Every structure is written in C-alpha cells, then in structure tokens.
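Below: one structure, written as structure tokens.
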Amino acid sequence: MMARVLKIIFFAFIVKPVVLVVLGLNVGNRQNLPRKGPAVVVANHNSHLDTLVLMSLYPLLDIHRIRPVAAADYFLSNRLVAWFSLNVIGIIPLERKARSRPKVLFEQCEKALDNGDVLIIFPEGSRGQPEQLGTLKRGVYHLLKNRQDTVLTPVVMHGLGRALPRGDGLLVPFNCDVMVGESIAIGADGQELIDNLTIAYKTLLDQCLTRRSSDVV
C-alpha cells in the first residue's frame, strides 16, 4: 500500500508536471492504451524518459497497475536505485543472465500479468541512438506465446531521444510524439511477431509530427 501511495505522489507532483510543462507532448490515439491487464505495451526505446512519459499518460488511479520491465543488473545495481525502482516506479526486474531459461526469466512478468497488470516492454532491449529504431528482439514472443488472453499494444515515441539522449544528464525541452497503435496479433512464431511489430512501428512513425527526413527507421 505504501509503494502505491509513493508512486501516485511521485507521478502527480513530479513526473506529470515535468511532462506537461517542459515537454511539448503530442499524443495520438491515447484511447488505445490498455487500462488494465493482462496487457503488454511494446514501445521503442531512445531515452530514460520513455518509461516515465508512457506512465504519465495513465490516470493516477491506474498507475499502480503499470509495470515497466527493466534489467535487474542496471536498476538493482545499488540500494538507493533499487529501492526507488522497485517501490516508486514499480519495475519488474529482469535477470538477463537467465535468458537461456525463459520460464525463470519471465516468472515475475507472468505473475504480474496474472494479477491484471499492464507491462511496459522495450523489445529493442536497451536504449538506441536518438530517433533510430534498433533491432527488435523476440523476448516478448516467448513471454506471450501461450497467453492468448493478453493484449499487445505497440507505441512509438519520437523526440525523447533528443530531449534526453543516451549518456546525457541534461533535459532539453523538445516537442515529442507518442503514438499509440491498435492491438496486434502475437503471431505464430517470433519472426511473425517482429514483422507485425515492425509494420506497426513504421505506420506510427509516419504519424509523428516531429519526425525529420534524416531520421532512420
């Protein structure tokens, strides 16, 4: 209960004001965001802002259900970061050393989906170059291949890689886009899911107002 209160306070008084005041955010098709689970939001990843901006789109009453999946070796690297990540952001830590054992790797994700949570997953795995889409990995398929009850929603964010790029600690005001797509099929195998997701991302990128001709898909 305490973690839920801390999460609401953090997003109400820090994250949402920063997103509204500092970032010029253009949100498309917000109504497609799943409000409850089991559901997974699959988004591209260019900035540390990605998770916070996505979560800020949800009403405060729903924020406790939104669970970003994040690398345990990074976000549990020290006590302070670990406490904040687990209790305020509410991450689901992923032990990347267990990649060869999918059942162990996704155990906490499965429990969260069974509990009706909405997971945020970045299929690129880590932050890429600003406004460039990296190689999509098949981990989402291995999590969801036996979960036909789970809604899978693609999201593209554009501009956040310039507002707070990888390796930079200074937030720069930039207009940013968040485009939410309609749910997509999990597919018969990992490659089909990657193909479906790639098509969805390209469609959503075409809707971004901040996209430049030099930006690479």
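The values are calculated or read from the model by the stated rules, or taken from the named source; none is laboratory data. Since this is a predicted model, take the numbers as computed values, not measurements. Neighbour counts are summed over all protein chains in view; Cβ atoms, including those assigned to glycine, are modelled from backbone coordinates with ideal geometry.
Data overview
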item	result
Residue match in segment 170-182 (condition: assigned to a loop (DSSP other than H, G, I, E, B) and modelled with pLDDT of 95 or more)	yes
Subset of segment 59-68 (residues that are surrounded by fewer than 20 Cβ atoms within 10 Å (Cβ to Cβ) and not in a helix (DSSP H, G or I))	P59
Candidate set from segment 136-155 (those that are part of a loop (DSSP other than H, G, I, E, B) and in contact with a helix residue (DSSP H, G or I) (Cβ under 9 Å, 6 or more places away or on another chain)); member that is farthest from L94 (Cα to Cα)	D149
Test: residue in segment 89-107 that is crowded, with 17+ Cβ neighbours inside 10 Å and at positive phi	yes
Residue that is over 26 Å from M179 (Cα atoms) and at pLDDT 95 or above, where the choices are K97, K111	K111
Number of positions in segment 14-38 that are under 21 Å from F174 (Cα atoms) and assigned to a helix (DSSP H, G or I)	9
Flag if K103 is farther than 27 Å from K202 by Cα, among the basic types (K, R) and at pLDDT 95 or above	no
Selection count where residues are at pLDDT below 95 and among the aromatic types (F, W, Y), scope segment 34-82	2
Filter pass, G116 being assigned to a loop (DSSP other than H, G, I, E, B), crowded, with 20+ Cβ neighbours inside 10 Å and either at pLDDT 95 or above or in contact with a helix residue (DSSP H, G or I) (Cβ under 7 Å, 6 or more places away or on another chain) (or both)	no
Any chance V22 is buried (at least 19 other Cβ atoms within 10 Å of the Cβ) and either closer than 20 Å to K137 by Cα or in contact with a helix residue (DSSP H, G or I) (Cβ under 9 Å, 6 or more places away or on another chain) (or both)	no
Positions within segment 132-169 being over 17 Å from A200 (Cβ atoms), of a type in the set (A, V, I, L, M) and at pLDDT 90 or above, in sequence order	L143
Residue within segment 68-83 that is within 10 Å of the chain's Cα centre (by Cα) and farther than 20 Å from L204 by Cβ present	yes
